[in-house]
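Trainee: Dropping the structure in here first, questions after.
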Amino acid sequence: MDQEQAQKLAIMKQDIEIAKAMSNIEHKIVVMSGKGGVGKTTVTIKLAEAFNQEDYNVCILDADLHGPNVPRIMDIEKADITLTEDKKIKPITKAGISVVSIEFFLPSKDSPIIWRGPKKTGAIRQLLAEVDWDNIDILLVDNPPGTGDEPLTILQSIPNIDGAIIVTTPHIISLHDVKKCINMVKKLKIPILGIIENMSYVQCPKCGEKLFIFGENGGKQLTKEFNLPLLARIPFNLNMGKSAETPPTPESEIFKNIIKKWRFIG
């Protein structure tokens, strides 16, 4: 057997391991964006909170190797990883939400990941195969922005993905980049559940006027172009990006309404 055949066989074996490890997860949703800084991680966490409040066992896979911010927002950076009896990695749980992140394996929060593509791909696939995914109803994957190795690996490796959620702002640059993200998901024949327009406007606390500092109706135009549902327009709120144990924000109701749009939610 030559080296190429051996690599193909190893990938096939790992595909089987991943499918077996993730077979008990009822639903898998990938959260994506075209560019960084649009609030994708915050949206992922708020969706997880909404699912948790509906009594679903929810887990977040933080697949952003270079910027694993889910543990920081949820204040679980210093959590210690433990293993099950069969040597599977146990997710860290806080406020009813489980989290898996490369951050838990780094020597410090400031340690960079300086890896080329194959090593990044290998790390993600190893997590998929070696985490204890039992008793999870909803898996939310916080993908890094763009269309590179990490999001491609997630989309190609996780079996039976229910769909992708695309996060954008109304800014013209964000809209331009998110089109590439949408086309990537379409090429891979994965359903798109809809688009969330984040940072849509700032609402004056005194007069209630909405200020569209990044432009208006960008997300709406995008949904028309691609014939996709606009799940929500979320305004700026400085408290929205805080941990899951802070009091609910007005946006919490928005995320509850988002998840109720999907048929698999009771």
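Trainee: Give me the pairs: first residue in segment 31-45 and on the phi > 0 side of the Ramachandran plot, second residue assigned to a helix (DSSP H, G or I), beta-carbon distance under 9 Å, and six or more apart or on different chains, which are they?
Mentor: From segment 31-45, the pairs are G37/S174.
Trainee: Would you check which residues across segment 93-116 are small (G, A, S), assigned to a loop (DSSP other than H, G, I, E, B) and within 30 Å of N57 (Cβ to Cβ) and list them?
Mentor: Answer for segment 93-116, where residues must be small (G, A, S), assigned to a loop (DSSP other than H, G, I, E, B) and within 30 Å of N57 (Cβ to Cβ): A95, G96.
Trainee: Further question: If you go through segment 214-257 one residue at a time, how many are under 12 Å from T168 (Cβ atoms), in a helix (DSSP H, G or I) and modelled with pLDDT under 90?
Mentor: Qualifying residue count for the region: 4.
Trainee: Among the residues that make up segment 204-213, is at least one of them assigned to a helix (DSSP H, G or I), over 30 Å from N24 (Cα atoms), of a type in the set (D, E) and over 17 Å from the mean Cα position of the chain (by Cα)?
Mentor: So far as segment 204-213 goes, no, none of its residues is assigned to a helix (DSSP H, G or I), over 30 Å from N24 (Cα atoms), of a type in the set (D, E) and over 17 Å from the mean Cα position of the chain (by Cα).
Trainee: Quick check on segment 134-187: of everything there that is of a type outside the set (V, I, T) and assigned to a strand (DSSP E or B), which residue is nearest to A21 (Cα to Cα)?
Mentor: Filtering first and then ranking leaves L139.
Trainee: If I filter segment 47-61 for residues that are in a loop (DSSP other than H, G, I, E, B), free of Cβ contacts under 8 Å to residues at least 40 places away in the same chain, surrounded by fewer than 20 Cβ atoms within 10 Å (Cβ to Cβ) and more than 15 Å from the chain's Cα centre (by Cα), do I get at least one hit?
Mentor: yes
Trainee: Here is a further query. Only one of V131, V167, V70 is touching a Gly at 6+ places or on another chain (Cβ under 9 Å), crowded, with 20+ Cβ neighbours inside 10 Å and of a type in the set (V, I, T); which?
Mentor: Of the residues listed, the single one that is touching a Gly at 6+ places or on another chain (Cβ under 9 Å), crowded, with 20+ Cβ neighbours inside 10 Å and of a type in the set (V, I, T) is V167.
The values are calculated or read from the model by the stated rules, or taken from the named source; none is laboratory data. Every value quoted in this text rests on a predicted model; they were computed, and no experiment measured them. Methodologically, a virtual Cβ is constructed for each residue, glycine included, from the backbone with ideal geometry; neighbour enumeration extends over all protein chains shown.
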